[in-house]
Amino acid sequence: MNNLYQSADWKAEKHVPVIEAAKKGELLEVSVAVGKEIAHPNTTAHHIEWIEVYFHPAGEKFPFMIGTFDFSAHGSSVEGADTSTVYTEPKVTCFVRTGKNGTLHAASYCNIHGLWNSSIEFKG
Ligand SMILES: [Fe+2]
């Protein structure tokens with residue numbers, strides 16, 4: 001499993017999911033984007049297919065899956081590859097209600113370059 005995910009500094013590697021979290025009232029707003037500093041290609045042949053987000057509350061054994069987000073439009077149409085005007089960008093925002101601090105994890109999947117992950121500590 002240790003070789004399943006790749007990770008790196010997101011400022012130098014375009015595949016790393018970048019996580020941002022901010023408390024909004026009783027909700028935790030979680031945003032995840034791939035290609036925040038260096039844009040990842042978004043073409044029919046090369047694109048990000050999905051992002052998953054997990055929250056692991058501090059002191060608890062198991063993490064919780066917050067959501068999985070599929071990006072389905074990558075430029076293909078009845079005319080062929082990269083002929084449409086629609087490309088889903090690999091950026092999501094979701095909201096979580098929790099009273100706990102913990103670690104947010106994100107995974108992203110590039111159809112060519114595989115699985116990438118990152119994590120941040122959240123302290124409300
Ligand atoms: Fe890629």
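The values are calculated or read from the model by the stated rules, or taken from the named source; none is laboratory data. Being a predicted model, the structure only gives us computed values, none of them experimental. A quick note on method: Cβ atoms are made from the backbone with ideal geometry, for glycine too, and the neighbour counts reach across all protein chains shown. Keep in mind that these areas ignore ligands, DNA and RNA; they rest on the heavy atoms of the full protein, side chains included. Shrake-Rupley method; radii C 1.70, N 1.55, O 1.52, S 1.80 Å.
When residues of segment 41-75 are filtered for being open to solvent by 20 Å² or more (accessible area, probe 1.4 Å) and outside any strand (DSSP E or B), how many remain?
14
Test Ser108 against the criterion of being of a type in the set (Gly, Ala, Ser) and touching a Ser or Thr at 6+ places or on another chain (Cβ under 6 Å), and give yes or no.
When the stated conditions are applied, Ser108 does not pass them.
Is it true that Ala22 is touching an Asp or Glu at 6+ places or on another chain (Cβ under 7 Å), among the hydrophobic types (A, V, I, L, M, F, W, C) and open to solvent by less than 60 Å² (accessible area, probe 1.4 Å)?
In short, yes.
Between Glu49, Glu60, which is modelled with pLDDT of 95 or more, within 16 Å of the ligand (Cβ to nearest atom) and among the charged types (D, E, K, R)?
Criteria check complete, one pass: Glu49.
Have a look at Glu37, Glu29, Glu13 and point out the one that is open to solvent by 20 Å² or more (accessible area, probe 1.4 Å) and touching a Ser or Thr at 6+ places or on another chain (Cβ under 8 Å).
Among Glu37, Glu29, Glu13, only Glu29 is open to solvent by 20 Å² or more (accessible area, probe 1.4 Å) and touching a Ser or Thr at 6+ places or on another chain (Cβ under 8 Å).
Is there a residue being touching a strand residue (DSSP E or B) at 6+ places or on another chain (Cβ under 9 Å), under 17 Å from Ile66 (Cα atoms) and away from the ligand (no atom under 16 Å from the Cβ) anywhere in segment 109-118?
Scanning segment 109-118 turns up no residue that is touching a strand residue (DSSP E or B) at 6+ places or on another chain (Cβ under 9 Å), under 17 Å from Ile66 (Cα atoms) and away from the ligand (no atom under 16 Å from the Cβ).
For the list (1) touching a strand residue (DSSP E or B) at 6+ places or on another chain (Cβ under 6 Å); (2) modelled with pLDDT under 95, I need the number of the one condition that Ile38 fails.
For Ile38, the failing item is (1).
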